[in-house]
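A quick write-up on the structure given underneath.
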Amino acid sequence: MKNPHIKRRNTRKKKVSQKTGLPPGSMVFIGDKHEEAPELTIIDYDASKFEVNTNATLQDALRRKEANPVSWINIDKLHDVELMEKLGSHYEIHPLLMEDILNTDLRPKVEDEDDYVMLSLKMLSYEEQTGNLITEQISLILGKNYIISFKEKPDTVFEPVINRLSSSKGTIRSRGADYLFYALTDVVVDNYFTIIENIGNDLEKLEDWIFNHPGEEALQEIHRIKGDLLQLRKITYPIREAMRKLENDDIELIEDKTRKYFTDIYEHIIQIIETVESYREVVSGLKDLYLSSISFRMNKVMQVLTIIGTIFIPLTFIVGVYGMNFENMPELHWKYAYFILWGIMITLVLILIWYFKKKKWI
């Protein structure tokens, strides 16, 4: 019987070896390449206007450096190194940081430069078909009046922010680029709670499954969840340090009234970390439960086999004795010897079964 909730962990690794031997700042894309061209979207807004260009070109993006009002440039699919070089050169982004943006296996971090702030995050989601935990790198560049976001692939992660901008809900349209920088970060971190909730549901189902069917598939599910929690742990700890830096460091591009919002993200990350650690303990307990269930089932099997063996030992002895080919065995010539022997054996079986039940062994 197979558990319909069992998922297979994706162990595919991104190849970082292709950067071996290259000088620092060499721009090499590490990740899943797409056949389609990168997609650029530019959103310009202030308190009174909101404009979206979903088919923007590189030239449109280059003109937003001295943007007024706020401009948000979003780039999906990062495999076009030439486009990334031109964009990074125009916005004077350090080659080492552009190299990090193209390395989608990068650890989350924040870098404060003179004219901009660079933040690298990890977006998490579950693949619908396989249930694998998918990691996508998202990098944000905060300038004076602009935001540049880099994503590995098109998705809807920023859709809540776009909806808030288009409907002018809250204060987002009346605030500067630093508040948009916070809003984009917050929507990525909030998605972690969805992942945590899914893992919690999987743990509950897994516990029931182990009680009823503690087989190899349950062990595979334990290791999958353990791997997902380890991946989430490796992501959240660096983000915690990044949020602490954005909260405490005197970064000129982030206003004081915006800095407190990063404190809120920091507290969310702490909550996620605590939940991850508690789930790791639960997984460890489930592994012990699995081993105990397997041991218990094995003991039950051994108990049944032992009882069967104990019952048949005296029967085998009796049959063996009267199966010997000696001529001088007077019982063999009794008229009712066969029926008496059956009576003795059945009586022995009943006595043994009564004794086992009295001892509550069966």
Of I210, I199, I195, I222, which residue is in a helix (DSSP H, G or I), touching a strand residue (DSSP E or B) at 6+ places or on another chain (Cβ under 7 Å), assigned by TED's automatic domain parsing to the domain that holds L286 and hydrophobic (A, V, I, L, M, F, W, C)? I195
Which residues, taken from region 112-149, are of a type in the set (D, E) and assigned to a strand (DSSP E or B)? D112, E136
Within region 245-268, track down each residue that is crowded, with 17+ Cβ neighbours inside 10 Å, of a type outside the set (F, W, Y) and over 19 Å from K144 (Cα atoms). I265, H268
Which numbered condition in (1) surrounded by 10 or more Cβ atoms within 10 Å (Cβ to Cβ); (2) assigned to a helix (DSSP H, G or I) is the only one that W361 fails? (2)
Condition met for E327 (of a type outside the set (A, V, I, L, M, F, W, C), without any contact (Cβ under 8 Å) to a residue 40 or more places away in the chain and part of a helix (DSSP H, G or I)): no
Exactly one of Y322, Y355, Y290, Y338 is touching a residue at least 24 places away in the same chain (Cβ under 8 Å) and either closer than 30 Å to A218 by Cβ or out of contact with any His (no Cβ under 6 Å at 6 or more places or on another chain) (or both), and that residue is Y290
Any residue in region 148-162 that's closer than 24 Å to E66 by Cβ and modelled with pLDDT of 85 or more: show its pairings with residues that are assigned to a loop (DSSP other than H, G, I, E, B) and not polar (S, T, N, Q) at Cβ separation under 6 Å, as long as the two are six or more apart or on different chains. F150/L78
Do we find that I235 is touching a strand residue (DSSP E or B) at 6+ places or on another chain (Cβ under 6 Å) and in a helix (DSSP H, G or I) in this structure? yes
Consider only pairs whose beta carbons are under 9 Å apart and that are at least six residues apart or on different chains; among these, list those whose first residue lies in region 73-102 and is small (G, A, S) and whose second residue is buried (at least 21 other Cβ atoms within 10 Å of the Cβ) and in a helix (DSSP H, G or I). G88/M98; G88/I101; S89/M98
Assess whether E267 counts as being assigned by TED's automatic domain parsing to the domain that holds L142, modelled with pLDDT of 90 or more, in a helix (DSSP H, G or I) and touching a Pro at 6+ places or on another chain (Cβ under 9 Å). no
Out of the residues in region 170-195 that are of a type in the set (S, T, Y) and within 16 Å of L232 (Cα to Cα), state the one that is surrounded by the most Cβ atoms within 10 Å (Cβ to Cβ). Y192
Within region 123-146, of all residues that are β-branched (V, I, T) and farther than 30 Å from E92 by Cα, the one surrounded by the fewest Cβ atoms within 10 Å (Cβ to Cβ) is T130
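For residues that are in a helix (DSSP H, G or I), of a type outside the set (F, W, Y) and farther than 21 Å from K77 by Cα, tally how many sit in region 150-185.
Selection size over region 150-185: 12.
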Considering only region 210-225, state which residues are crowded, with 17+ Cβ neighbours inside 10 Å and closer than 24 Å to I134 by Cβ. A218, E221, I222, R224, I225
Can you pull out the residues in region 270-290 that are surrounded by 12 or more Cβ atoms within 10 Å (Cβ to Cβ), within 14 Å of L206 (Cβ to Cβ) and more than 14 Å from the chain's Cα centre (by Cα)? V282, S284, G285, L286, K287, L289, Y290
Identify, by number, the condition in (1) in contact with a helix residue (DSSP H, G or I) (Cβ under 8 Å, 6 or more places away or on another chain); (2) free of Cβ contacts under 8 Å to residues at least 12 places away in the same chain that N201 doesn't meet. (1)
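How many residues are under 23 Å from S168 (Cα atoms) and assigned to a loop (DSSP other than H, G, I, E, B) if we restrict to region 46-65? Before the answer, list the steps.
Taking region 46-65 and keeping what is under 23 Å from S168 (Cα atoms), we get 46-56, 64.
Okay, now just the ones that are also assigned to a loop (DSSP other than H, G, I, E, B), so 46-49, 54-56, 64.
Residues meeting the conditions: 8.
The values are calculated or read from the model by the stated rules, or taken from the named source; none is laboratory data. A quick note: this is a predicted structure, and the numbers were derived from the prediction, not measured. Note: ideal-geometry Cβ built from the backbone for every residue, glycine included; neighbour counts use all protein chains shown.
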